[in-house]
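Take a look at the structure below.
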Amino acid sequence: MNFIFQNRPELLSSINFTLAPSLGAYSAVVVIGAILLAAVVVWALLYSIKNHRVLNPGILLGLFSVAWLPLFLHFVFVNAGHVRDGLFLLGRPYSEQVRWRFCQIDAVQNLAGSLCGLPLFIEKVKEYVPPQASIALAKGPLNMYVEYYLADAYILDTPADRADYFIVYHSGEPLAYAQDGTLYRNPGVDFSISSSQESLGKFSIDAQLDSQRLIFKRQK
Amino acid sequence: MTFFAPIFYILSVLVPGLALMRWFDSKNTLLLWTGAYGLGTALITGELFLYFLILRLSFSPALYLVIGLQTVIAAWLLYKKPLLRVKAKIAPWGAAEIALAVIIGGCMVFAALNAFTKPPVGFDSLSFWSLRTKVLIQQGSVDFHPDHQFYLGAYNHRAYPWHSSLAEYWMRILGGGEISVNLISLGYYCALALALFCALKSFLTRRNSLALTAFFVSMPLIFYHAFNGYSDLVLAYYVVMSAVYLMKRELSSVYIALSALFIAWGFFVKNEGIIYILAWIGTMVASEVIRRSHFSIKEWIRIISCLLLPLLPWILFRFFLGLSFHDLPPARGWHPEVLPQVLKTLYAYDNWNVWWWIFSSVIIVRLSVLLRSQRAWPLIMFCVLVFGMILGMYMTSENYVYALDHTALSRTLIPVTALSILVMGYCLGAIEKKNISENV
């Protein structure tokens with residue numbers, strides 16, 4: 001019965017599917033479900049042969065409840081833990097609730113602080129970049145989140161070579177920042193000229209939290 | 001979030017919703033109140049759609065006035081012509097029933113606690129459902145310039161329907177904070193549970209109805225969707241409400257009209273709603289041809305109007321703006337590799353506890369009973385058509401990638417799972433009836 005008390009942390013994918021706890025080497029859903037299916041079929045056959053009647057729905061539902069119970073207890077255990085952990089957030093500000101949830105998921109999914117650090121980075125952007133400025137983002141897996149939190153304060157549809165600010169947040173995009181302040185997309189190896197290289201113009205570094213989180217400001 | 005926002009929201013949704021439901025069904029039942037939540041929300045989002053997307057107007061405080069006035073008029077109509085009281089003798093609750101009610105209530109309390117403490121962080125929620133709300137609040141209108149980033153409110157999925165975003169918008173401009181979108185999902189979760197319970201009670205004992213409802217509300221994926229700002233559970237609500245009234249079709253053609261209204265609204269909730277509409281039309285045509293029913297012209301007009309009225313504005317809007325169903329470049333093909341993933345999501349993942357094993361076992365041992373039940377077959381036909389079309393969509397189109405990477409497959413099956421609860425109820429009800437008749 002250890003599987004009932006297996007923790008099931010919240011992941012970003014939890015909205016799409018829920019993995020089952022394992023029972024030995026197998027999914028608990030498969031093990032319990034297969035036993036149930038076999039039991040119902042065998043019982044129904046024996047019962048109807050003996051009594052010339054069909055199974056009582058009450059009895060069937062009782063049987064189903066027994067099969068339901070282990071995973072239901074697991075569900076209660078997991079969710080009681082989630083509720084207990086987050087209960088202190090009741091009535092707390094939205095920003096605090098978001099930060100806590102991001103950090104919980106980040107810790108479980110080993111996202112190296114990229115999700116957890118997002119609210120702080122958004123605060124930094126709002127501190128350094130004036131409202132209604134145009135911002136372009138370096139391509140990155142978390143851009144959707146950055147855009148959501150900046151959407152109400154900035155113009156986000158300006159191309160990078162014309163935007164007032166260029167933001168890098170855990171981006172996988174190859175970029176190079178030359179000594180003269182020119183920012184390049186897709187640079188060649190060791191700054192050699194590359195055919196796909198694209199100059200975005202001259203920028204100064206407005207704020208740098210680390211190498212993954214930077215705010216560039218276009219030089220006038 | 002202000003304390004009053006959810007109260008104003010519920011009032012503005014429920015009172016006009018009740019007045020609308022009163023047109024179709026005047027008996028004051030739990031099902032009527034459940035339907036009122038969905039119809040009332042649909043009314044508000046429909047009006048906001050007309051205002052922002054058809055008339056292309058900007059926000060005006062007159063919106064409060066109009067919707068407030070609508071609520072007052074609806075309340076006055078209900079006062080002048082109240083709902084009919086239904087005198088029902090309620091039998092005392094047994095220990096098992098109380099335990100099951102506690103489980104259902106407990107799940108709802110758990111969901112509510114999550115709803116109040118966990119802002120949505122899911123991809124779909126932040127990349128368009130809630131983003132569109134946020135942009136609409138900030139800009140005060142919908143952007144209709146195709147070359148702008150916020151064309152039709154978001155960066156992507158511009159062809160996605162507006163129901164959830166506009167419901168959130170209404171909650172937000174009433175004073176609800178960003179987390180308030182969770183309360184809309186929570187409302188649908190509770191309403192869906194009530195709808196299932198009401199429907200099940202018409203062919204099962206109260207205890208057995210509670211048991212099946214408890215199964216449903218405690219399914220992990222269903223529960224998780226009660227507080228994450230997605231639209232799959234919302235679609236499930238409209239599909240189930242439609243199925244519930246479809247099952248009552250023999251009582252009155254008015255119920256068919258109501259069923260049409262709910263199923264049509266599904267297309268304004270999610271694009272998949274079109275699958276349910278096609279299945280509904282197929283089921284209705286087959287059912288009425290077999291029954292050789294003869295509706296009057298007036299009845300036909302009512303049914304067709306209820307189907308087209310919610311559909312046409314959205315279909316025409318999509319048509320004139322050239323909005324496609326395809327998120328990915330269209331690609332026809334044959335993808336049998338989807339099938340193992342479907343089996344996995346139904347029988348190996350913990351999305352539904354062991355529900356699909358339970359369902360399969362009952363279908364195996366009692367398929368003949370189910371097929372002989374004349375009342376049940378339209379529902380079964382509806383479910384089979386829906387499941388077949390969903391499977392077909394994944395196996396023959398570019399959408400197969402969403403099944404293989406499991407980013408959408410399980411969620412798409414939420415309405416099907418809700419429908420399967422009704423099928424199971426029918427099946428067990430038919431068995432119950434058979435036992436009774438044999439004892440007599």
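Computed values, structure above
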{"quantity": "Estimated inter-spin distance, residue B:207 and residue A:45, nm [label 7 Å along Cα→Cβ]", "calculated": "3.0 nm"}
{"quantity": "Residue exposure sequence - B:424, B:393 - by fewest surrounding Cβ within 10 Å", "calculated": "B:393, B:424"}
{"quantity": "All-pairs alpha carbon distance profile, the range B:25-102, 5 Å steps from 0, percent", "calculated": "3, 11, 13, 17, 14, 12, 10, 8, 6, 4, 2, 0"}
{"quantity": "The range B:124-216 - Kirkwood radius from inverse mean 1/r over Cα pairs (Å)", "calculated": "15.3 Å"}
{"quantity": "Descending Cα extents along the principal axes, chain A, whole Å", "calculated": "91, 46, 29"}
{"quantity": "Overall dimensions of the range A:1-81 by Cα: Rg and Dmax, Å", "calculated": "16.1, 52"}
{"quantity": "Cα-based convex hull, the range B:265-346, per residue volume (Å³, whole number)", "calculated": "161 Å³"}
{"quantity": "Chymotrypsin sites (Phe, Trp or Tyr not before Pro) within the range B:272-311, DSSP loop, no more than 15 other Cβ atoms inside 10 Å", "calculated": "B:295"}
{"quantity": "Distance between the range A:100-119 and the range B:396-431 - C-alpha centres, whole angstrom", "calculated": "32 Å"}
{"quantity": "Test item: Cα-centred dipole of chain B, Lys/Arg +1 and Asp/Glu -1 on Cβ, debye", "calculated": "1540 debye"}
{"quantity": "Ranked B:369, A:76, B:269, criterion: other C-beta atoms within 10 Å, fewest first", "calculated": "A:76, B:369, B:269"}
{"quantity": "Peptide ranges B:354-360, B:260-266 listed from the most packed, as the mean C-beta count within 10 angstrom indicates", "calculated": "B:260-266, B:354-360"}
{"quantity": "In nm, spacing of pseudo-spin labels at residue A:204 and residue B:65 (7 Å Cα→C-beta vector)", "calculated": "5.1 nm"}
{"quantity": "Shape category assigned to the range B:296-440 from the gyration tensor of Cα positions, a/c cut at 1.5", "calculated": "oblate"}
{"quantity": "For the protein assembly as shown, diffusion coefficient by Stokes-Einstein and Kirkwood Rh (Cα), 20 °C, 1.002 mPa s, µm²/s", "calculated": "80 µm²/s"}
{"quantity": "Positive-end extreme of charge dipole, the protein assembly as shown - chosen from A:131, A:97, B:67 (charges on Cβ)", "calculated": "B:67"}
{"quantity": "Alpha carbon centroid spacing (whole Å) that separates the range B:4-22 from the range B:314-392", "calculated": "33 Å"}
{"quantity": "Whether the range B:68-153 is rounded, prolate or oblate, judged on the alpha carbon gyration tensor where a/c under 1.5 counts as rounded", "calculated": "oblate"}
{"quantity": "Ranked list, fewest to most other Cβ atoms within 10 Å of each Cβ, for A:215, B:90, B:274", "calculated": "B:90, B:274, A:215"}
{"quantity": "Efficiency of FRET from Cβ geometry, residue A:186 and residue A:162, R₀ 25 Å, rounded to 0.05", "calculated": "0.90"}
{"quantity": "Whole-Hz ³J(HN,Hα) from phi, Karplus 6.51 cos²θ - 1.76 cosθ + 1.60, for the range A:16-31, glycine and proline x", "calculated": "9, 6, 10, 6, 7, x, 8, 10, x, 8, 10, 5, 4, 5, 5, 5"}
{"quantity": "Spatially proximal lysines relative to residue A:124 (Cα-Cα < 29 Å; intrachain offsets below 8 disregarded)", "calculated": "A:139, A:202, A:217, A:220, B:118, B:134"}
{"quantity": "For residue A:201, distant residues with modelled amide H under 5 Å away", "calculated": "A:183"}
{"quantity": "Coil-residue trypsin sites (Lys or Arg not before Pro) of the range B:346-400, DSSP, other Cβ within 10 Å capped at 16", "calculated": "B:375"}
{"quantity": "Antiparallel DSSP beta bridges within the protein assembly as shown, percent to nearest 5", "calculated": "70 percent"}
{"quantity": "Semi-axis lengths, Å, chain B, gyration tensor of Cα atoms, sqrt of 5 times eigenvalues", "calculated": "33, 27, 23"}
{"quantity": "For residue B:84, residues with placed amide H under 5 Å, excluding near neighbours", "calculated": "B:27, B:28"}
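No lab work stands behind these numbers, since they all come straight from the coordinates. If you're wondering where the values come from, they're calculated on a predicted model, not measured in any experiment. Glycine also receives a Cβ, built like all others from the backbone with ideal geometry; neighbour counts cover every protein chain displayed.
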